[in-house]
Structure formats: structure tokens, C-alpha cells
Amino acid sequence: MKKTAVFAALIAAVALAGFLIYDGVANKTASADFFAMNTYVTADITGKDSAKCAEEAQKIVESLDTAVLSRTAENSVISHINLNGAGELDEKTAGYFSKLIEVCEKSGGAFDFTLGSVSDLWSFGSSPAVPDSEKLSQALSHSGYEKIILSGGRIEKSDKEATLDFGAAGKGIALDEIKACLESRRVKNAVVSVGGSVLLFGKKEFTVGIRDPFGNSGSYVAKLGVSDCCVSTSGCYEQQFEQGGKKYHHILDPETGYPVDNGLLSVTVISKSGLLSDALSTACFVLGIEKGSALAREYGCTAIFIDEDKNIYVEGDSGIIEITDGSYNLTERT
Ligand code: ADP
Ligand code: MG
């Protein structure tokens, strides 16, 4: 072999080795699994910065929980406002409030983040039971998002007894913060789930299953093909209990204080925004198929409703690849 050919082959070999090493680093995967925000969190991250990001993702969720959103952590922003009736917010937190107030308004109050005292009476996290109706209407009289006034960076409650509860949107907010972190790092793709809210990060198309509301946590009714978005599901099977032969769940009708009873079993919302996917899945559950679809449309999101008669209604572009359980009927609304 001529000297130049040997040299060229050597260069090619070095380049290939370099590429393989680079590709190996670029495709490095790291994971984190932990418990925060009263739920399980898992992150699977691929890319050069995957290990660093997995650590950061955990810190983000934990500090968002204890410093901002938790109702039980003494020094969180929410606890402070609940206790003192007012508080100063940093720009990011004020942004969350502003977006959620908009969801409250646009949903006509179906989404309401002031139901804390009402949901406490149901004791979903501990020993759930149907509350005394007198106490329930008392707590309900102090709730209502209209009692929350956001002005610049200051938040104030016009009724001191109104209790803020970000339980229906906090997991989505966590996904948005993690997404911002991943965007600032060398990450190819990632899947992060905070309870029933999942971030699919990157160009890769992921397959996501929608849980069978009649089955256990590993059973699915449909597969979605999605990329670069957040998918949240609000389901009545979460935190459900039975009393006097009747089932009760944790998604409450802000007009009555009782669990929503409209024939829906779950609503899944797909959005670029974690906050919106989480808040709208709860809002659409409360609103039902017609009004919920209109709300999802207004936000340009996809909503997938499953009812007790095993109908699946889709508003928007679902990316449904397959209905994996033939006993369900699919109706695409658009
Ligand atoms: P999960 O927390 O199981 O993911 P959701 O996102 O639907 O489910 O949030 C339900 C939680 O939100 C409840 O546990 C309660 O804290 C709160 N919540 C209940 N009803 C409403 C409502 N109508 N609007 C806003 N928050 C609600
Ligand atoms: Mg929600």
C-alpha cells in the first residue's frame, strides 16, 4: 500500500474511533428514581450531560416542592400565603400563578386551585371518608379562585380562609422546570414522569400508553406516538375509595365540593407545556366532554376522554397508534 493510502486509512480509522467514542458519550444514559410531591418520579436521560441532568432533575423537583408548592412544608411559598393571606412572589412563581388563574377563568371555575380545605376534608392521602356536609359547605364557602388577587409580584387572598392547593398542576410545573434545564444542557432525549404527568423530550418519537381505567397500573387501552411534549392524565382511579357501596375519587367539582360524577373515568391532555397538560387534564375532567373539548381547543391542546361505557373521545391530533383493548370504541372529534 502506498504511503498516502496508509495515511488516509489511518486518518479514517482515527476519525471512526473518534466518532464511536463521541457517539458513546452522546448516547450515555442516566436515570433517577425518587419520591417527591407525594408521588414517584423517574427520569431517563440520554446525552453527554445525562448524569449531571439526572441529578439536577431530582434537585429541581425536590426544591420546587419544599420551597414553593408544598402545602405541608412549613416554609414553602404556598404554605406562607395560606397562613398569612398574602406573599411576595419571584417572577417565575408569579408566572405560574398568572397562567393558572387564566385556566381557572377560561374553565369557568371548573379548575380551581383554592380547594385545599375542601380536599383536606376528604382526607384522600390518609384515611379517606365522606365528610360532614355542613363542614363541606363551610369549607366551600371560603374557596373560589376569584378570591386570589395577583398584582405584579404580590399575591393576596381576599378571604384568609381560602386554601391554595397546586395538587392539580404542580407535577406539570416540575416538568417545565426540568425541560428548561435539559434545554440548557447537551441532552438528546429524555423521558421524565412525575406521577401521571410525563415529559417526552427531544426529537425521538416515543410510544406512550394510556392507562386502562378499569385495569391496574400496568394495563393500557391505547398507544400514542408522541415527541417533544408533555402528557398528563387525570384519572378517577387515583386515590379512590368506597363508602356505602359508592365510589369516591379526588377530582372535585368546585360547585359542590363532591367528586365529579359525569361518567368520565380519565382525561389525558397533550401539550408543549407541562403546566397546561396537568391543569387542563383536571379542568377537562371536571368540565366533561363537550366543554372540556372546547377548552382544549382554545389552548391548542389534544384531549383524550375515556368514559364509563368504554368510549374514547379525542379532541385534536392524538397521535393514537393503536387501540390495544378492542372492547373500547374510538371517536375522533375532529
Ligand atoms: P393527580 O394529582 O392524581 O395527578 P390531578 O392532576 O387531576 O390528579 O389533580 C388532582 C388534585 O388536584 C387533587 O388531589 C386535589 O388536590 C386538587 N383538585 C381536586 N379537584 C380540583 C379542581 N377542580 N381544580 C383544581 N384542583 C383540584
Ligand atoms: Mg392535573
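The values are calculated or read from the model by the stated rules, or taken from the named source; none is laboratory data. Everything quoted here is computed from the prediction, not taken from an experiment. Heads up, the Cβs are rebuilt from the backbone with ideal geometry, glycines too, and the neighbour counts pull from every protein chain shown.
Looking at E315, is it free of Cβ contacts under 8 Å to residues at least 60 places away in the same chain and within 17 Å of D261 (Cα to Cα)? It is false that E315 is free of Cβ contacts under 8 Å to residues at least 60 places away in the same chain and within 17 Å of D261 (Cα to Cα).
Is at least one residue of the range 257-266 crowded, with 24+ Cβ neighbours inside 10 Å, part of a strand (DSSP E or B) and within 16 Å of ligand 2 (Cβ to nearest atom)? Outline the logic, then answer.
Of the range 257-266, the ones crowded, with 24+ Cβ neighbours inside 10 Å are 264, 266.
When the remaining residues are screened for being part of a strand (DSSP E or B), the result is 264, 266.
Next cut, within 16 Å of ligand 2 (Cβ to nearest atom) only: 264, 266.
Yes - at least one qualifying residue is present in the range 257-266.
Pairing each residue of the range 225-240 that is over 23 Å from I321 (Cβ atoms) and in a strand (DSSP E or B) with any residue that is at pLDDT below 95 and more than 7 Å from ligand 1 (Cβ to nearest atom), provided the two are 6+ apart or on different chains, yields no C-beta distance under 7 Å. Assessment of the range 298-319 against the conditions (farther than 19 Å from G109 by Cα, in contact with a Phe, Trp or Tyr (Cβ under 7 Å, 6 or more places away or on another chain) and surrounded by 22 or more Cβ atoms within 10 Å (Cβ to Cβ)) yields at least one matching residue.
Quick check: is even one residue across the range 188-211 part of a helix (DSSP H, G or I) and within 16 Å of ligand 1 (Cβ to nearest atom)? Show your work before the answer.
If we filter the range 188-211 for residues that are part of a helix (DSSP H, G or I), which is where we start, we get none.
No: zero hits.
Checking each residue in the range 147-178 for being more than 16 Å from ligand 1 (Cβ to nearest atom), closer than 26 Å to V267 by Cα and out of contact with any strand residue (DSSP E or B) (no Cβ under 6 Å at 6 or more places or on another chain) picks out only E177. Here D44 passes the criteria (1) part of a helix (DSSP H, G or I); (2) out of contact with any helix residue (DSSP H, G or I) (no Cβ under 7 Å at 6 or more places or on another chain) except the one numbered (1). Looking across the range 55-95 at every residue that is small (G, A, S) and either more than 16 Å from F166 (Cβ to Cβ) or modelled with pLDDT under 95 (or both), the one that is nearest to the chain's Cα centre (by Cα) is identified as A57. Please go through the range 214-234 and give me each residue that is within 16 Å of ligand 2 (Cβ to nearest atom) and at pLDDT below 95, ordered by number. None - no residue of the range 214-234 is within 16 Å of ligand 2 (Cβ to nearest atom) and at pLDDT below 95, so the list stays empty.
Consider the range 267-282 and keep the residues that are in contact with a Cys (Cβ under 8 Å, 6 or more places away or on another chain) and in a strand (DSSP E or B). The one that is farthest from P213 (Cα to Cα) is S271. Condition (residue is without any contact (Cβ under 8 Å) to a residue 12 or more places away in the chain, surrounded by fewer than 13 Cβ atoms within 10 Å (Cβ to Cβ) and not in a strand (DSSP E or B)) applied to the range 78-98: is it met by at least one residue? Scanning the range 78-98, I find at least one residue that is without any contact (Cβ under 8 Å) to a residue 12 or more places away in the chain, surrounded by fewer than 13 Cβ atoms within 10 Å (Cβ to Cβ) and not in a strand (DSSP E or B), so the answer is yes.
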